[in-house]
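To keep things clear, I will list the structure first and then write my remarks on it.
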Amino acid sequence: MERSEPMDPTGAGGGTREVVIGIEIHVQLLTASKMFCGCPTEFGAPPNTLVCPVCLGLPGSLPVLNRRAVELGLRTAVALGCRVHSRSRFHRKNYYYPDLAKNYQISQYQYAGHPPLATGGVLEIQVGGRPWRVAIRRVHLEEDTARLVHPAGTGGAASSLVDYNRSGVPLMEIVTEPDLRSPGEAREFLNALRRLLQFAEVSSCRMEEGTLRCDANLSLQPPGGPPGVRTEVKNMNSVRAVERALAFEAVRQHEVLARGEVVVQETRHWDERRGVTFASRSKEEAEDYRYFPEPDLVPLDVDGAWVAAIREALPELPAARRDRLIATFGLAAYDADLITATPAMAKFFEETVTLGPHPKVVANWLSGAVAAYLNEHGVEIDQIALTPARLSALLLLVDEGTVSGRTAKDVLVEMIAHDQEPEAVVEARGLQQISDEATLRVVVDKVIADHPGPAAEIRAGKVRALPFLVGQVMRATGGRANPEAANRLLKERLS
Amino acid sequence: MAIDWATVEHVARLARLALTDEERERFVGQLGRILEYCARLDAISIEGVPATSHVLPIVNVLREDLPAPCLSRDEVLAAAPAHEQGFFKVPRVLEAE
């Protein structure tokens with residue numbers, strides 16, 4: 001596959017070197033219990049209340065692998081077209097830091113004869129309207145670490161605090177090949193991967209809650225030349241931050257090279273507030289994790305029948321969902337894309353349609369007024385007080401002529417803000433559409449009296465002024481007049 | 001296989017052990033003798049023997065994804081050398097900068 005043009009990823013015209021990006025993400029798997037013990041995975045519990053001898057690494061305790069976590073890992077491998085290895089093992093990654101009480105993390109290391117859960121997949125993304133295949137290097141399972149708190153101030157300065165609730169929570173790591181060529185592609189990849197994992201019901205993938213975390217490495221490669229020295233960027237808390245951090249890093253490396261200096265291989269942290277990456281304090285010694293096979297866990301064997309069963313039970317993935325919505329409901333591509341942006345939105349659409357409203361009308365509302373509300377407030381559709389039943393009821397009010405389409409948009413906002421049924425909003429605020437002719441005629445007569453100029457033009461046969469007068473009727477009624485009735489009555493009066 | 005002073009120092013550092021010069025000297029000798037003993041295995045032909053990390057003929061020991069009771073926080077923190085507001089309290093560690 002060829003690209004139509006070389007990308008200038010930085011937007012800074014930073015020279016002829018090509019940006020090369022690889023991504024490493026960790027997602028929290030949707031399990032009820034931890035990876036190797038039965039402690040619940042719920043978020044936000046008081047510190048150190050979701051721990052047991054296993055996740056505290058107490059002597060004599062033994063880990064036992066969570067079947068559901070394996071299944072979700074396999075589901076991801078199948079969705080990404082990876083090769084699932086018939087035997088994989090777990091390993092200890094040894095390091096001395098209080099975020100793991102055992103002084104090692106159980107992970108799946110990769111070396112000769114010891115493959116991880118799965119390798120060699122692909123995820124297709126859109127780059128400039130064309131498909132681009134990003135190779136997936138590996139998918140493996142591991143456990144999360146504890147949360148560290150560093151209290152500020154003189155009292156707490158001498159110590160750090162540790163909450164082991166998160167320690168042992170199931171994580172899956174996905175690593176790409178260095179196949180991305182711009183920060184924008186990295187953003188597209190993350191959005192596509194997040195969508196895939198959400199539709200596959202593998203992870204909630206909420207970066208702001210830490211259930212999806214992303215590290216990225218970036219280097220600059222001269223045309224036809226050897227790969228450049230790469231830096232790893234960490235600490236990005238949104239997809240937008242990943243894109244910004246990579247754009248910053250690309251420009252920084254260009255500038256380093258332009259000065260005739262060399263890029264140092266290092267880990268850099270993104271500072272969201274200042275919009276820069278900075279080098280972490282270099283460690284006193286090189287990393288030496290002394291990986292070795294975890295003796296407390298037996299090998300994991302996955303046969304073809306297990307993979308087939310996983311494939312059989314795979315939920316409908318975003319691309320298939322989108323195509324089905326277009327084929328079944330005749331949706332426009334734009335609407336179908338928007339509706340399949342999240343599983344919650346897709347589910348909301350299909351549930352609303354079963355309640356009766358026309359699919360295209362539902363799609364218009366979701367991609368219009370509802371999407372506008374979600375964007376404005378930075379929320380997802382399953383986080384607001386709108387249900388398929390309520391949206392359906394609102395659309396029925398429009399259909400019956402009880403409210404105008406324009407008023408309905410205000411009703412929608414009120415419904416969400418006050419957690420109310422549409423009928424209750426219309427009733428409480430007196431938003432019923434005015435179709436009663438006697439009432440409207442009074443308004444029409446006043447508008448004509450107030451605007452003698454336009455009225456005279458229409459009497460003289462110049463109907464161009466008619467929309468202006470209809471607008472005045474709408475204005476005088478707070479948008480509640482039935483526009484068709486207003487139009488007809490004005491014509492009657494001015495003929 | 002001989003083991004040198006620097007290797008012992010490196011391993012001690014990874015284990016956060018502070019050794020005196022006398023101890024380091026002693027471990028250079030002791031660890032070296034252990035490695036020499038293990039090196040006798042090099043004499044054995046292992047042609048056709050696969051690398052073995054687990055000797056038991058058992059695979060796929062899995063548990064169902066069911067939440068189980070946890071320890072009470074009092075029990076958990078009873079084992080902590082120090083604690084504060086429900087957290088384990090450890091010497092300050094720095095992240096990043």
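Here are the numbers:
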{"item": "Residue that is farthest from residue A:31 (Cα to Cα) [pool: residues in the range A:56-69 that are facing chain B (nearest Cβ under 9 Å) and open to solvent by less than 20 Å² (accessible area, probe 1.4 Å)]", "result": "A:56"}
{"item": "Of all residues making up the range A:295-320, the number that are at the interface with another protein chain (Cβ under 9 Å from one of its Cβ atoms) and either open to solvent by 50 Å² or more (accessible area, probe 1.4 Å) or of a type outside the set (Val, Ile, Thr) (or both)", "result": "5"}
{"item": "Spans of strands (runs of 3 or more DSSP E) in the range A:57-137 with at least 3 residues not polar (S, T, N, Q)", "result": "A:91-94, A:118-127"}
{"item": "Test for residue A:166: is it touching a Phe, Trp or Tyr at 6+ places or on another chain (Cβ under 9 Å), open to solvent by 40 Å² or more (accessible area, probe 1.4 Å) and assigned by TED's automatic domain parsing to the domain that holds residue A:28", "result": "yes"}
{"item": "Flag for residue B:73 being open to solvent by less than 100 Å² (accessible area, probe 1.4 Å), facing another protein chain (nearest Cβ under 10 Å), more than 21 Å from the chain's Cα centre (by Cα) and farther than 27 Å from residue A:32 by Cβ", "result": "no"}
{"item": "Hits in the range A:314-349 (condition: free of Cβ contacts under 8 Å to residues at least 60 places away in the same chain, part of a loop (DSSP other than H, G, I, E, B) and of a type in the set (Gly, Ala, Ser))", "result": "A:330, A:332"}
{"item": "Extreme residue, most open to solvent (accessible area, probe 1.4 Å), among residues of the range A:111-133 that are within 14 Å of chain B (Cβ to nearest Cβ) and without any contact (Cβ under 8 Å) to a residue 40 or more places away in the chain", "result": "A:112"}
{"item": "Qualifying residue in the range A:241-261 (condition: surrounded by 15 or more Cβ atoms within 10 Å (Cβ to Cβ) and part of a loop (DSSP other than H, G, I, E, B))", "result": "no"}
{"item": "Elements of type helices (runs of 4 or more DSSP H) contained in the range A:373-452, each with 2 or more residues being buried (at least 20 other Cβ atoms within 10 Å of the Cβ) and not assigned by TED's automatic domain parsing to the domain that holds residue A:355", "result": "A:437-450"}
{"item": "Selection from the range A:183-202 of residues that are open to solvent by 20 Å² or more (accessible area, probe 1.4 Å) and part of a loop (DSSP other than H, G, I, E, B)", "result": "A:201"}
{"item": "The range A:28-55: number of residues that are within 26 Å of the chain's Cα centre (by Cα) and either under 15 Å from residue B:61 (Cα atoms) or more than 10 Å from chain B (Cβ to nearest Cβ) (or both)", "result": "4"}
{"item": "Residue A:205 being assigned by TED's automatic domain parsing to the domain that holds residue A:70, part of a strand (DSSP E or B), buried (at least 18 other Cβ atoms within 10 Å of the Cβ) and touching a residue at least 12 places away in the same chain (Cβ under 8 Å)", "result": "no"}
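The values are calculated or read from the model by the stated rules, or taken from the named source; none is laboratory data. If you're wondering where the values come from, they're calculated on a predicted model, not measured in any experiment. All Cβ positions, glycine included, derive from the backbone under ideal geometry; neighbour counts span all protein chains shown. SASA here: full protein model, heavy atoms, side chains in, ligands and nucleic acids out. Shrake-Rupley method; radii C 1.70, N 1.55, O 1.52, S 1.80 Å.
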